[in-house]
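*Asks:* Please find one structure pasted underneath; my questions will follow.
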Amino acid sequence: MKLCRIGSIGKEKPSIIDKDNNYRDLSSVIKDFNPDTLNFKTIEKIKNLDILSLPKLDSGSRIGACVSKPSKFIGIGLNFKDHAEEQNLPIPKEPIIFSKFTSCITGPNDPIVVPKGSKHTDWEVELGFVIGKKAINVSIDNAMEHVLGFFLVNDVSERDFQKNKGLTWDKGKGFDTFGPIGPYILTKEEIPDFQKLNMFLDVNGKRMQTGNTEQMIFDIKTLVSYMSSCMSLHPGDICCTGTPPGVGENMSPPHFLKGGEEVILGVDKLGQQKHQVLPYKG
């Protein structure tokens, strides 16, 4: 199933995409895709519906973030072998975890706004996943029982704030508009090959990133198990899992985003995002 949220900001309706790519309104069945509803009971309820009997939504409507109000937005750093090699950095022995503030979350085609004074705003195409069942100290073997589905993420990052403004990455990861997610959640049974997905990102029509999730140092089940040993994971919690080579800071010369540029990115089976980059206006 492809689950999405359709409508203007603050008025999104939970929806499902049918076989003809129409948006079908689920708001008569559930209120939203949020921590209260993103669980396997909801998925079973939707599976039993006659999808084609649901009202259609306007195909030209805004697509919202595919998850509303998660309690956590967790990021994983330096999780692709070829990205580590690109930077001449050692392979991490344990996952590098950081937080993206949930106020950064936006829709898959909403603008990216360069923060005030920023000269180092960068891009990162990533595979994201959402938790559907509470996880505490789960084993690697049982970890996937807690994952509801997958989606596309642009882990937008301000490198100066990330690396030069203190000891944590969080300050460079959580500016408003730095967390576009979607266009939809694809439930996990429809994507068994999630560790073999091609991914790309273009800036102004030029290919910047090309990668595949098989390059992950720590795979999804390992990440879920590891994170659940550090914190409780709850339904609706989301995670982005690292990026392949080709980020702007590693180019020669470096390329950072500025107003007027366009970013397009995608992951196999998870659709695409398209962003206009806007300058800060106060």
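*Asks:* Based only on other Cβ atoms within 10 Å, what is the fewest-to-most ordering of R24, R62, R207?
*Replies:* Starting with the residue having the fewest Cβ neighbours, the order is R207, R62, R24.
*Asks:* So what's the convex hull volume per residue for the Cα atoms of the stretch 96-143, in Å³?
*Replies:* About 154 Å³ per residue, rounded to a whole number.
*Asks:* At 7 Å along Cα-to-Cβ for each site, give me the label-to-label distance between K31 and S229 in nm.
*Replies:* So the label points at K31 and S229 sit 3.7 nm apart.
*Asks:* Can you tell me the Rg and the Dmax, both Å, for the Cα atoms in the chain?
*Replies:* My reading of the Cα-based Rg and Dmax gives 18.0, 55 Å.
*Asks:* I want to make sure I understand the PRE zone here: with the label point 7 angstrom from the Cα of N137 toward its beta carbon, which residues in the stretch 54-93 have backbone N atoms less than 12 Å away?
*Replies:* None, by backbone N distance to the label point.
*Asks:* May I pose another question? With each label point set 7 Å from Cα along the Cα-Cβ vector, what nm distance links N212 and I96?
*Replies:* Taking the simple label geometry, N212 and I96 are separated by 2.4 nm.
*Asks:* Once R0 is set to 25 Å, what does the formula 1/(1 + (r/R0)^6) return for the Cβ-Cβ distance between D20 and N250, expressed as a FRET efficiency to the nearest 0.05?
*Replies:* My answer for the efficiency is 0.05.
*Asks:* Tell me the angle of helix 220-230 to the major Cα principal axis of the chain, expressed in degrees between 0 and 90 and rounded to the nearest ten.
*Replies:* 80 degrees
*Asks:* For K258 and I51, compute 0.36 nm times the residue count separating them, minus their Cα-Cα distance, and round to one decimal in nm.
*Replies:* So the extension gain works out to 70.3 nm.
Values quoted throughout were computed directly from the atomic coordinates according to the rules given, and no laboratory measurement underlies them. As the structure is a computational prediction, the values presented were derived from the model and not from experiment. Because the Cβ atoms are built from the backbone with ideal geometry, glycine has one as well, and the counts that use them run over all protein chains shown.
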